[in-house]
Amino acid sequence: MAWNTNLRWRLPLTCLLLQVVMVILFGVFVRYDFDADAHWWTERKHKNLSEMENEFYYRYPSFQDVHVMVFVGFGFLMTFLQRYGFSAVGFNFLLAAFGIQWALLMQGWFHFLEDRYIVVGVENLINADFCVASVCVAFGAVLGKVSPIQLLIMTFFQVTLFAVNEFILLNLLKVKDAGGSMTIHTFGAYFGLTVTRILYRQQPRAEQGETEFCVPVGPLCHDCFNSAISYHGDSQHRAAINTYCSLAACVLTSVAVSSALHKKGKLDMVHIQNATLAGGVAVGTAAEMMLMPYGALIIGFICGIISTLGFVYLTPFLESRLHIQDTCGINNLHGIPGIIGGIVGAVTAASASLEVYGKEGLVHSFDFQGFKRDWTARTQGKFQIYGLLVTLAMALMGGIIVGLILRLPFWGQPSDENCFEDAVYWEMPEGNSTVYIPEDPTFKPSGPSVPSVPMVSPLPMASSVPLVP
């Protein structure tokens with residue numbers, strides 16, 4: 001097969017076409033939310049409201065934190081690959097910019113449609129960032145092995161499937177998932193793992209950078225990530241506390257297990273920058289429930305152990321036995337903790353009682369009104385499990401379909417020997433070391449006869465897993 005990675009016309013046309021379509025769709029469907037509309041000034045004078053009562057001042061700080069998670073937490077923490085830093089940051093930036101626009105439309109049609117118009121406010125931006133966070137999770141599985149055109153296509157389909165899955169869970173099954181353990185992390189992880197399995201190829205392993213000194217950004221704003229769209233007041237307050245406690249406990253157990261698994265008791269920075277976040281992922285579904293601080297600590301304690309063990313043992317097993325190449329170890333940070341979070345949410349919901357919540361608190365926390373008026377806590381718990389199963393089914397089925405689409409040979413994907421190389425798609429400064437092999441589209445060698453050029457000698461798998469929030 002001939003590998004042609006020259007994207008001179010394909011990438012510009014794809015980006016311009018997608019953006020023109022976004023402009024047209026926004027012009028037809030999207031309008032400002034009332035709090036962002038100029039007519040709010042009239043309402044303010046009529047009801048004697050202060051400027052601080054505008055939704056912007058309440059939601060924007062949370063939006064900032066979520067936005068940092070998407071563009072900094074995911075983007076810059078994927079730069080652990082020595083010759084793939086430009087692509088890690090640049091492609092994350094590209095897919096997030098397109099994904100946010102498409103998510104505003106898809107989620108708007110499902111949740112914010114008023115008189116045929118999608119009304120957009122700060123809360124829409126937060127939800128769009130949540131959607132894109134799921135895409136960034138999936139990106140971690142295929143990092144280094146796909147072209148920017150493939151990423152745009154994957155983003156288009158994944159955002160669409162995410163919006164459908166979110167609508168089923170939140171609107172039809174009435175699942176509670178404040179921090180997105182199911183809708184964001186579980187869906188993104190197993191969608192990405194399925195795609196990377198379909199795209200499996202024999203390739204050399206990625207070479208890490210010479211240093212991995214970097215601040216773990218995730219814990220700095222993960223509590224706001226889980227509480228960003230919770231109800232005002234006690235629910236949001238609990239979500240921040242539960243996430244904070246779970247993350248703190250997760251750090252200690254991750255450090256303990258990382259040291260215990262090294263024959264000289266040394267720490268692995270990959271574990272410290274990744275496994276320490278698993279507690280925040282796992283507490284997401286139950287974040288606004290009455291989990292109690294000690295319950296959050298227990299979740300963080302368990303997830304720190306499981307996630308670190310996954311980086312050391314499970315990731316190499318998945319690659320060698322099942323041919324699932326998980327570049328960033330998203331199964332350990334997002335997949336398994338996401339499933340744990342879904343189960344914890346179901347158990348916590350099923351255990352809810354009047355003694356713990358009070359009558360009004362129980363109704364408010366689980367929306368036991370309308371057609372849910374006759375629901376019990378156990379009924380809510382059952383539907384939480386149904387939501388987890390639906391999410392897994394959507395992720396696996398969607399990943400198979402999208403993976404097969406991305407396998408088509410004309411998307412400009414790199415050849416096996418040029419995976420994890422910035423020079424394939426980026427203009428590199430002179431003097432940078434590279435083993436990039438120029439690909440001549442007029443030269444068509446047979447696939448099996450192309451010799452593999454190893455970039456580095458094989459590295460232990462636990463050391464070649466990236467930094468994902």
Practice item. State all residues of region 224-271 that are within 19 Å of residue 80 (Cβ to Cβ), within 19 Å of the chain's Cα centre (by Cα) and of a type in the set (A, V, I, L, M); if no residue qualifies, say none. Key: 270
Study note, to complete from the structure: Within region 7-57, residues being modelled with pLDDT under 85 and open to solvent by 70 Å² or more (accessible area, probe 1.4 Å) number 10
Practice item. Restrict the check to region 113-131 and report whether at least one residue is hydrophobic (A, V, I, L, M, F, W, C), under 14 Å from residue 191 (Cα atoms) and open to solvent by less than 10 Å² (accessible area, probe 1.4 Å). Key: yes
Review point. If you go through region 408-417 one residue at a time, do you hit one that is within 30 Å of residue 357 (Cβ to Cβ) and open to solvent by 50 Å² or more (accessible area, probe 1.4 Å)?
Key: no
Point to revise | Residue selected from region 170-186 under the condition among the hydrophobic types (A, V, I, L, M, F, W, C) and more than 14 Å from the chain's Cα centre (by Cα), by the criterion surrounded by the fewest Cβ atoms within 10 Å (Cβ to Cβ) | key: 172
Point to revise | Residues (under 15 Å from the mean Cα position of the chain (by Cα), of a type in the set (A, V, I, L, M) and in a helix (DSSP H, G or I)) located in region 142-159 | key: 142, 151, 154, 159
Study note, to complete from the structure: Of the listed residues (139, 110, 167, 162), the one being open to solvent by less than 10 Å² (accessible area, probe 1.4 Å), aromatic (Phe, Trp, Tyr), assigned to a helix (DSSP H, G or I) and touching a Phe, Trp or Tyr at 6+ places or on another chain (Cβ under 7 Å) is 162
Revision key, fill the gap. In region 348-388, anything of a type in the set (Ser, Thr, Tyr) and farther than 18 Å from residue 338 by Cα is listed as 351, 353, 357, 365, 376, 379
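For (1) under 19 Å from residue 180 (Cβ atoms); (2) open to solvent by 10 Å² or more (accessible area, probe 1.4 Å); (3) hydroxyl-bearing (Ser, Thr, Tyr); (4) without any contact (Cβ under 8 Å) to a residue 40 or more places away in the chain, each residue gets a yes or a no:
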residue: 254; (1), (2), (3), (4): no, no, yes, no
residue: 266; (1), (2), (3), (4): no, yes, no, yes
residue: 282; (1), (2), (3), (4): yes, no, no, no
residue: 298; (1), (2), (3), (4): no, yes, no, no
residue: 307; (1), (2), (3), (4): yes, no, yes, no
residue: 311; (1), (2), (3), (4): no, no, no, no
Exercise for review: For residues that are in contact (Cβ under 8 Å) with a residue 40 or more places away in the chain and of a type in the set (Asp, Glu), tally how many sit in region 97-132.
Suggested key: 2
Exercise for review: For residue 323, work out the one condition from (1) at positive phi; (2) touching a helix residue (DSSP H, G or I) at 6+ places or on another chain (Cβ under 9 Å); (3) free of Cβ contacts under 8 Å to residues at least 60 places away in the same chain it doesn't fulfil.
Suggested key: (3)
Check your understanding: Of the residues that make up region 58-80, is at least one farther than 26 Å from residue 184 by Cα and either surrounded by 13 or more Cβ atoms within 10 Å (Cβ to Cβ) or not charged (D, E, K, R) (or both)?
Key -> no
Exercise for review: Inspect all residues belonging to region 317-337 and state whether any of them is small (Gly, Ala, Ser), part of a helix (DSSP H, G or I), in contact with a Phe, Trp or Tyr (Cβ under 8 Å, 6 or more places away or on another chain) and open to solvent by 10 Å² or more (accessible area, probe 1.4 Å).
Suggested key: no
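The values are calculated or read from the model by the stated rules, or taken from the named source; none is laboratory data. Note that this is a predicted model, so its numbers are computed, not measured. Cβ atoms come from the backbone with ideal geometry, glycine included; neighbour counts cover every protein chain shown. Remember, those area values only see protein heavy atoms, side chains included, never the ligands or the DNA or RNA. Shrake-Rupley method; radii C 1.70, N 1.55, O 1.52, S 1.80 Å.
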